[in-house]
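Asker: Structure below; questions to follow.
The values are calculated or read from the model by the stated rules, or taken from the named source; none is laboratory data. Values in this document were obtained by computation on a predicted structure and should not be read as measured data. Because the Cβ atoms are built from the backbone with ideal geometry, glycine has one as well, and the counts that use them run over all protein chains shown. Accessible surface is based on the protein model in full, side chains and every heavy atom, while ligands, DNA and RNA are left aside. Shrake-Rupley method; radii C 1.70, N 1.55, O 1.52, S 1.80 Å.
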Amino acid sequence: MEGIEDVRARLSTPQKILITSHRNPDGDAIGSSLAMYHWLKDQGHHVMVAFPSEYPETYEWMPGSDDIQIFDLDVEPIAAFLQHIDISIILDYNSLTRIDKLGALLEQKEDVYTMLIDHHLYPDPIGDFILSDTTASSTCELVYRFITAYGHRPNLIVSECIYVGILTDTGSFQYSTSPRLFRIVADLQEIGINSNHIHDAIFNNLEEKNLRLLGHCLANRMEILEKYKTGIIFLNKHDFKVFDIQRGDTEGIVNHLLKLKHVNMAVFIRQQPTIIKLSLRSKGNFSVEEIAKTYFNGGGHRNASGGYTKQGLGATLKQIKEILPQYEEKLNNITIT
Ligand code: 5GP
Ligand code: MN
């Protein structure tokens, strides 16, 4: 692995290390961050994990999650730690713009050795050590590859964290699978992870209000545009209040649209206090990444991307419908790869 000897030399003495991941952290962001956190701490380094915004309650059971610092909630501890870091580790994102003001602070800091481990498309050239593989299922898969290339075998806690990101980013092994990935998962099981337990903790742990919200989305907020093989679900400000929607509560809703035989693209739109947030998903070779990047200041992966817009909800829905005709041909002729 290119550059790993450089990393080894750096890590040969105790270092002060800041791990960051993206806004609205998902299972892969949290899993990869906590895996690296435990692996580095066990080797005597002084490590902090900082996210721009809070992570979903679903992940509160994960060892080390209590130690995660949230920039939106408390800038001070992160800003103080950042002053004296030796190493910055960027996980599951690849542009400092994805972490807002925290990114600006990091950018100002000089003499920091930066490591980037990520699987998103079009990485910015940031990092003295770069492990960027867009064919990888998850950043967690890359963290496993990194740790093993380093010559270590992950311990049980690190393995559990890695498994969380693999499980969530592959949609429970629906996408981005490979022989290599299943070999990694086999090794994690040999190390001793309880995959049933982890699946249960993440997916079978909803509150009643979550299913009521899903019911509302499917019954009242879903529109299917057959001509364009597209499904749309939106939630307005009022829905957020009525259903008491908190961080993480809308996770996974977009995927239900892809269960429809005649839907090849799923669009999930949320009206947040100052912006409209979009989640896009697709089947086969249809790229939602292109749409997220071109129209919604976003990006991600071919089949799962996100973005935002500052227009109103009505205008956003209108815009989507205006974009669709140019993709009609592609949306009606996808190939599952
Ligand atoms: P989600 O729809 O679950 O929020 O995100 C799906 C994918 O798109 C994730 O890989 C995430 O990193 C990426 N993504 C979500 N929102 C944004 C955004 O605003 N900008 C960029 N560049 N990527 C995003
Ligand atoms: Mn990821």
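Asker: Would you mind telling me the share, in percent, of accessible area of the range 208-331 contributed by carbon and sulfur at probe 1.4 angstrom? Walk me through the numbers on the way to the answer.
Answerer: Working: 3100 of 6060 Å².
C and S fraction of accessible area: 51 percent.
Asker: Moving on to the next point. Could you tell me which chymotrypsin sites (Phe, Trp or Tyr not before Pro) in the range 173-216 are loop residues by DSSP with no more than 14 other beta carbons within 10 angstrom of their beta carbon?
Answerer: Details: sites: F173, Y175, F182, F203; in loops: F173, Y175.
Of the chymotrypsin sites (Phe, Trp or Tyr not before Pro), the ones in loops of the range 173-216 whose Cβ has at most 14 other Cβ atoms within 10 Å are F173.
Asker: Here is a follow-up. Could you calculate the FRET efficiency of D244 with S195 from 1/(1 + (r/R0)^6), where r is the beta carbon distance between them and R0 is 35 Å, rounded to 0.05? Write down the numbers at each step before the final one.
Answerer: Working: r = 32 Å, r/R0 = 0.90.
The value I calculate is 0.65.
Asker: Rounded to the nearest 20 Debye, what is the dipole magnitude of the chain about its Cα centre when Lys and Arg each give +1 and Asp and Glu each give -1 at the C-beta? Can you show the working numbers first?
Answerer: Values: 32 positive and 43 negative charges, 267 e Å.
It works out to roughly 1280 debye.
Asker: May I pose another question? Show me, for the range 96-112, the HN-Hα J-couplings you get by feeding each phi into the Karplus relation (A = 6.51, B = -1.76, C = 1.60, θ = phi - 60°), rounded to Hz, glycine and proline as x.
Answerer: Once θ is set to phi - 60°, the couplings for the range 96-112 become 4, 5, 6, 10, 6, 5, 5, x, 5, 5, 5, 5, 5, 6, 9, 6, 10 Hz.
Asker: Something else now. Could you go through the range 332-337 in sequence order and give the Karplus-derived ³J(HN,Hα) for each residue, using 6.51 cos²θ - 1.76 cosθ + 1.60 with θ = phi - 60°, rounded to whole Hz, and x for Gly and Pro?
Answerer: 8, 9, 7, 10, 7, 9
Asker: Alpha carbons only, please: Rg and Dmax for the range 141-245, in angstrom.
Answerer: 18.8, 53
Asker: For D187 and Y122, what is the calculated FRET efficiency with R₀ set at 30 Å and r taken between the beta-carbons, to the nearest 0.05?
Answerer: Working: r = 30 Å, r/R0 = 1.01.
With a Förster radius of 30 Å, E is 0.50.
Asker: For the chain, with the dipole built from +1 on Lys and Arg beta-carbon atoms and -1 on Asp and Glu ones, taken about the Cα centre, which of G299, T335, A29 lies farthest toward the positive end?
Answerer: The one lying farthest along the dipole's positive direction is T335.
Asker: To check you understand DSSP bridge types, tell me what percent of the beta bridges within the chain (both residues inside) are antiparallel, rounded to 5. Don't skip to the end; give the middle numbers.
Answerer: Details: 19 of 45 bridges.
Around 40 percent antiparallel, to the nearest 5.
Asker: I would also like to ask the following. In the range 208-331, what % of DSSP beta bridges are antiparallel (nearest 5)? Don't jump to the answer; show the numbers that get you there.
Answerer: Values: 19 of 25 bridges.
Close to 75 percent.
Asker: Then there's this: Please get the size of the charge dipole for the range 4-203, origin at its Cα centre, with Cβ charges of +1 on Lys and Arg and -1 on Asp and Glu, quoted in debye to the nearest 20. Please report the intermediate quantities before stating the final value.
Answerer: Numbers: 12 positive and 29 negative charges, 105 e Å.
The calculated dipole for the range 4-203 is roughly 500 debye.
Asker: What FRET efficiency, computed as 1/(1 + (r/R0)^6) with R0 = 30 Å and r the Cβ-Cβ distance, is obtained for L156 and E207, rounded to the nearest 0.05?
Answerer: Details: r = 29 Å, r/R0 = 0.97.
E(calc), rounded to 0.05, equals 0.55.
Asker: Sticking with this one: Measuring with a 1.4 Å probe in the full set of protein chains, what accessible area per residue, in whole Å², belongs to the chain?
Answerer: Numbers: 15710 Å² over 337 residues.
Value returned for the chain: 47 Å² of accessible area per residue.
Asker: May I ask you to list the aspartates and glutamates whose Cα is less than 17 Å away from that of K277, ignoring any residue fewer than eight positions away on the same chain?
Answerer: Once the sequence-local aspartates and glutamates are set aside, what remains near K277 is D26, E54, D100, D239, D249, E251, E289, E290.
Asker: Then there is this: To the nearest 20 debye, what charge dipole does the range 208-331 have about its Cα centre, counting +1 at the Cβ of each Lys and Arg and -1 at the Cβ of each Asp and Glu?
Answerer: Working: 20 positive and 12 negative charges, 13 e Å.
Dipole about the Cα centre, nearest 20: 60 debye.
Asker: If I stretch the segment between V112 and T274 completely, what's the gain in nm (0.36 nm per residue apart, minus their alpha carbon distance), one decimal? Write out the running numbers ahead of the final one.
Answerer: On the way: separation 162, 0.36 × 162 = 58.32 nm, distance 3.36 nm.
Taking V112 through T274 to full extension adds about 55.0 nm, to one decimal.
Asker: Which net charge results when you count Lys and Arg as +1 and Asp and Glu as -1 among the other residues whose beta-carbon is under 15 Å from that of N303? Numbers along the way, then the final one.
Answerer: Numbers: positive: K229, K259, R281, K283, K293, R302, K330; negative: D26, D28, D169, E289, E290.
My count for the surroundings of N303 gives +2.
Asker: Label points 7 Å out from Cα along the Cβ direction at E60 and K310: separation in nm?
Answerer: 3.5 nm
Asker: Taking 0.36 nm per intervening residue step and subtracting the Cα-Cα distance, what contour gain separates I334 from K318 on full extension? Present the calculation step by step, with values, prior to reporting the outcome.
Answerer: Working: separation 16, 0.36 × 16 = 5.76 nm, distance 2.41 nm.
My answer for the length gained is 3.3 nm.
Asker: Nearest 500 deg cm²/dmol is fine: what mean residue ellipticity at 222 nm does the chain get from its DSSP H runs of n ≥ 4 alone, each adding -39,500 (n - 2.57), divided by its residue count? Walk me through the intermediate numbers first.
Answerer: On the way: 13 runs with 129 residues, N = 337.
Only helices count here, giving -11000 deg cm²/dmol.
Asker: Across 20 Å bins from 0, what is the distribution of all Cα-Cα pair distances for the chain, in whole percents?
Answerer: 31, 58, 11, 0
Asker: Near K227, which aspartates and glutamates are there with a Cα under 14 Å away, not counting those fewer than 8 places off in the same chain?
Answerer: E322, E328, E329
Asker: Ignoring ligands, DNA and RNA, what percent of the accessible area of the range 53-202 is carbon or sulfur (1.4 Å)?
Answerer: On the way: 3100 of 6790 Å².
Within the range 53-202, the accessible surface is 46 percent carbon and sulfur.
Asker: Let me ask something else. Which longest uninterrupted range of the chain lacks any GluC sites (Glu not before Pro) assigned by DSSP to a loop state (not H, G, I, E or B) and surrounded by at most 15 other Cβ atoms within 10 Å? Intermediate values should be presented prior to the final figure.
Answerer: Working: sites that count: E2, E60, E110, E207.
Within the chain, the longest run free of exposed GluC sites (Glu not before Pro) spans 208-337.
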